[in-house]
Amino acid sequence: MTSLEECTLCTAVFLDVSQAFDKLWHTGLLYKLKATLPGPYYLLLKSYITDRYFQVRYNGTYSDYREVKSGVPQVSDLGPLFYLRFTALPTTDYTTTATFADDTGLLAVHRDPAIASQQLQSHLILLHDWFVRWKIHVNTAKSAHITFTTRHATCPPYFCTQPRSQRKTTLSTSDYNLTAN
């Protein structure tokens with residue numbers, strides 16, 4: 001609310017990570033766990049993540065066993081913790097990052113729409129490179145850009161990945177009562 005009270009502009013991008021828990025890259029997760037945990041804890045968690053297999057039954061016929069090479073069990077207490085550890089996103093001094101499960105919000109606040117957009121774009125470029133490195137896919141069809149302001153202003157377009165994420169209309173209000181349909 002501060003940006004609205006100060007008559008500045010808040011431009012935001014909301015990103016949706018595709019199949020976040022199902023596609024979590026084991027090698028990358030193990031690398032991060034090894035870098036942050038004492039040896040015995042790392043080995044215990046490694047044994048929990050690796051050497052997992054699945055089999056499919058269809059019409060009474062069973063497939064061969066196949067190794068699970070990505071993803072974490074969502075019904076376990078550790079699954080969400082693994083995901084949070086794996087997706088510790090890079091941050092910047094000029095944007096705010098908010099995450100909930102597989103959804104991420106990036107916000108930039110400035111009086112000048114061009115500067116706010118440039119700050120957001122710089123963070124998106126940083127995140128895009130990070131997503132590629134850690135094999136995380138953003139669903140651009142479910143990602144959106146929106147600008148909150150009390151004045152008439154439009155932020156320049158931004159790009160996250162190709163193709164461009166859908167752009168939402170700027171919301172303007174003078175009484176700070178924002179509603180969503």
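The values are calculated or read from the model by the stated rules, or taken from the named source; none is laboratory data. In this text the structure is predicted, and so the values were computed from the model without any measurement. We place every Cβ from the backbone using ideal geometry, glycine too, and count neighbours over all the protein chains shown. Side chains are part of the model used for accessible areas, which takes the heavy atoms of the whole protein and leaves out ligands, DNA and RNA. Shrake-Rupley method; radii C 1.70, N 1.55, O 1.52, S 1.80 Å.
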* Among the residues of the range 57-86, write down those that are more than 26 Å from Val17 (Cβ to Cβ) and not in a strand (DSSP E or B). => Asn59, Gly60, Ser63, Asp64, Tyr65
* Please tell me if Gly60 is in contact (Cβ under 8 Å) with a residue 24 or more places away in the chain and either open to solvent by less than 80 Å² (accessible area, probe 1.4 Å) or over 28 Å from the mean Cα position of the chain (by Cα) (or both). => no
* Going by the structure shown, is Leu84 surrounded by 15 or more Cβ atoms within 10 Å (Cβ to Cβ), within 12 Å of the chain's Cα centre (by Cα) and of a type in the set (A, V, I, L, M)? -> no
* Asked: Just checking, how many residues over the range 93-145 are open to solvent by 60 Å² or more (accessible area, probe 1.4 Å) and assigned to a helix (DSSP H, G or I)?
  -> 10
